[in-house]
1. Say whether the condition of being out of contact with any helix residue (DSSP H, G or I) (no Cβ under 9 Å at 6 or more places or on another chain) and modelled with pLDDT of 85 or more is met by at least one residue in segment 558-573.
2. Which residues, taken from segment 368-385, are surrounded by fewer than 15 Cβ atoms within 10 Å (Cβ to Cβ) and either touching a helix residue (DSSP H, G or I) at 6+ places or on another chain (Cβ under 7 Å) or part of a helix (DSSP H, G or I) (or both)?
3. Right, residue 644: out of contact with any helix residue (DSSP H, G or I) (no Cβ under 8 Å at 6 or more places or on another chain), farther than 28 Å from residue 86 by Cα, at pLDDT 90 or above and part of a helix (DSSP H, G or I) or not?
4. In this structure, is residue 658 in a helix (DSSP H, G or I), over 24 Å from residue 535 (Cα atoms) and more than 22 Å from the chain's Cα centre (by Cα)?
5. What number of residues within segment 386-440 satisfy the criterion of being buried (at least 17 other Cβ atoms within 10 Å of the Cβ) and not in a helix (DSSP H, G or I)?
6. Tell me yes or no: at least one residue of segment 623-630 is in a helix (DSSP H, G or I), over 17 Å from residue 247 (Cβ atoms) and under 23 Å from the mean Cα position of the chain (by Cα).
7. Among (1) surrounded by 23 or more Cβ atoms within 10 Å (Cβ to Cβ); (2) at pLDDT below 90, which single condition is residue 650 missing?
């Protein structure tokens, strides 16, 4: 017996509200950190700290982690001043970006009302679109604000102890994770409840499955709104952060020889601002879109099953997966932040272990949880239009399990190819001894090779899910992969916060604190790569689920790629990710050139020297103006392509276009993200003095054997910085934005299918 309507709705309202409340609790916890505490810390020992550095490498920094760092009044005031500059820069960019978004929402909402509504004058899809866009904006903005508030507090806590710094950064990341998922789930549930009572007001319509299908097609606008905002967040934020990063790296580190995050570098504040607008707000809106789109795709397909929509709440099953995921993530979260839990930090290396355990624990706990949801929410058997066999609730559970396990495996493989603990990145670092060219060549090869295992994981998941439950199975697999999204977002949000905290520590000359923030940042870099693999894998399944929903709405039972129209669309679709990547890469290059010119101007005017504050505001303005200007063309490409193709060539042309874009875009996204991540960690491997020195068969004038070391400031390090700089737009702009390309094209095709 399937779950009743009222029970399903109460469960979803309860879990989504719980998620939001928990996020608010973490907001309060972060904001109540006492900043005045450090002014009284005169190098004391904390009796509650017993951290030990287990690394015996003589080149590794070995410090006493129990010692507090003295922060005098001057450094304390500088910390607060730098924090306020980062906050002001982030707010300035986001409010200007939101002005562009507001214009887009109004214009595109009018287009939806004219082309996508069943009757002229209806606004069902428009309302859903606007709601999805607004909630996506709010979610990203909340995450960004708490991240900005947390960066200086993480710096302060790290001046006292490593574990205290970790807890603050992770709690701040948790605000993004739990608030975003809670808001997305709550408002989608409310939208369905309201539409069911308004769009289907009479008893006759509520007993007609076709009416439910039409209602779910209108609600799909919610996913379109979320994904549209993600486009601007990922592209605009990505261009901003990488223009600042590349400009600051080349002009500051390579040309001027300044350390990373040096207070004399004018681009440093813009770089730190970019971490918040790109890696927090942009990433949040990206995964908000994935969650909303996969839920909407599953709802549309469920509208073709009488057993799921008539006199039952079983059609809420896709949302219940997210709801039970919130409960599991709450339980998992305790293991990372409770000193009594099994994930207590006792050594420096435990930071990365604790974060990884979050993914492992949540994955393990979700297996029985997903089974319970399938067993209690779905009927024992049901059928879909277009599938010649009955589907069981156990088969649907297997689909969600495939998505969950596939996402975990993709994350592990991504870590192997991008972490400097493993051979691929270590070999990449070694190639830097021969110069930048071998580093670039091997880095590209590494990215291409890293596609193999994730694609097989996705292929197996797609085959099993489609065989068992058709397109509904693929949508459920996508939701299974996203079921621990609260934890995944918390981990992803933690990384940029730790990075910002390290930047503030460096600019305030807090050397002990900087070592601790580097420990946090290093763990965040590794897990961020896992998060990117997770995001790309889910994007593939989400877009395929939307593809199935589009085929359902357009009445396409067969897509034959051997027909001329579909084949031509396939080839053109495969080209679009390349055109999109070219636009975003070029945009970063153009903006970075402007940043380099500005830093050079300030150098000529004597602003880059000790005791003089550079013009940070001008660099922030350059990044803001460039990113907002350059994001328009890639955005138009994504939005206009499926609509134009559909109006000119009909649903069959769009079917080919989407297939080509999905297949091509996924491969490019994986290779771009992993190549950039590997170059970044190869540079960090060299900076940590882990690359073995070369002992030459030659002697110097004094008769000593010549030893060539490869640490910071060497030619090897400069070659690694070049690779890292090239990889920055790959891993943080083009790669992540390709997720949006394939998802947004698919959801646009679904929403506008009736007009093709």
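The values are calculated or read from the model by the stated rules, or taken from the named source; none is laboratory data. In this text the structure is predicted, and so the values were computed from the model without any measurement. Cβ coordinates were reconstructed from backbone atoms using ideal geometry, including for glycine residues, and neighbour counts include every protein chain displayed.
1. yes
2. 368, 372, 375, 380
3. Details: out of contact with any helix residue (DSSP H, G or I) (no Cβ under 8 Å at 6 or more places or on another chain): yes; farther than 28 Å from residue 86 by Cα: yes; at pLDDT 90 or above: yes; part of a helix (DSSP H, G or I): yes.
When the stated conditions are applied, residue 644 passes them.
4. The answer is no for residue 658.
5. So the count comes out to 5.
6. Checking segment 623-630: not a single residue is in a helix (DSSP H, G or I), over 17 Å from residue 247 (Cβ atoms) and under 23 Å from the mean Cα position of the chain (by Cα).
7. Among (1) surrounded by 23 or more Cβ atoms within 10 Å (Cβ to Cβ); (2) at pLDDT below 90, residue 650 violates only (1).
Rundown of residues vs (1) in contact with a helix residue (DSSP H, G or I) (Cβ under 6 Å, 6 or more places away or on another chain); (2) modelled with pLDDT of 90 or more; (3) more than 30 Å from residue 414 (Cα to Cα), yes/no style:
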| position | (1), (2), (3) |
| --- | --- |
| 597 | no, no, yes |
| 601 | no, no, yes |
| 613 | no, no, yes |
| 622 | yes, no, yes |
| 640 | no, yes, yes |
| 657 | yes, yes, no |
| 663 | no, yes, no |
| 688 | no, no, no |
